[in-house]
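Remarks on the structure that follows.
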Amino acid sequence: MDGIELLKNDHKRILHLINELINQDTSKVKQTDQESGRQHSKMFGKLRETLIQHLDIEERTLFLNLKGFLDARMLVDECYRDHKGIDETLKKIEKLPEETQRDGCAGLLAELELRVQTYVVREEDWLFPKAKLVLGDAKLEEMFFEIEQTKSNQSEIDSLIFLPDHFGVCL
């Protein structure tokens, strides 16, 4: 396994989390509004944490390694813009006023899903093949270990800094 495969696995996990969050509201399980709100908040927190960690890791490993290659620079710049758009949508969700959270969140989650799907296609169909070509197997294997170490370190830091239900205001 190399760094690209790890990033692809993250993409699958992130899209799965988004779908879980979107489908939670259509679930037939009966819950009180308060229980549903807590579960939604917890799921959004997990999505947000996973997504932010993934974007950060991509920028600090893959993008940084590709920035020096002229033929990959335009794709990297596009991916940075994708990351910015995803971050902006996450912030919109976090800023929703309480009275519009349930209705407003569905539309913003759909927007987030579309942004993530677009960025995943750009990376997996265009950037990752370019990375394999210009970086080679040895560098991609090295990136695997960098990514694993970064995830491990970030998880330790997050467990010390963030309270479990700190993220997610979308009910």
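No value in this document is a laboratory result; all are computed from the given coordinates. Predicted model, so just to flag it, every value in this text is computed and none were measured. Don't worry about glycine lacking a Cβ; one is built from the backbone with ideal geometry, like all the others, and counts go over all protein chains shown.
Descriptive notes on the structure:
- Taking each residue as 0.36 nm, the span from K139 to R81 lengthens on full extension beyond its C-alpha to C-alpha distance by 18.4 nm.
- Distance histogram for the stretch 61-149 (every C-alpha pair counted, 10 angstrom bins, percent rounded to whole numbers): 16, 37, 27, 16, 6, 0
- Put a dot 7 Å past the Cα of E88, heading toward its Cβ, do the same for L114, and the two dots end up 1.3 nm apart.
- Residues Y119, Y80, sorted so that the one with the fewest Cβ neighbours within 10 Å comes first: Y80, Y119
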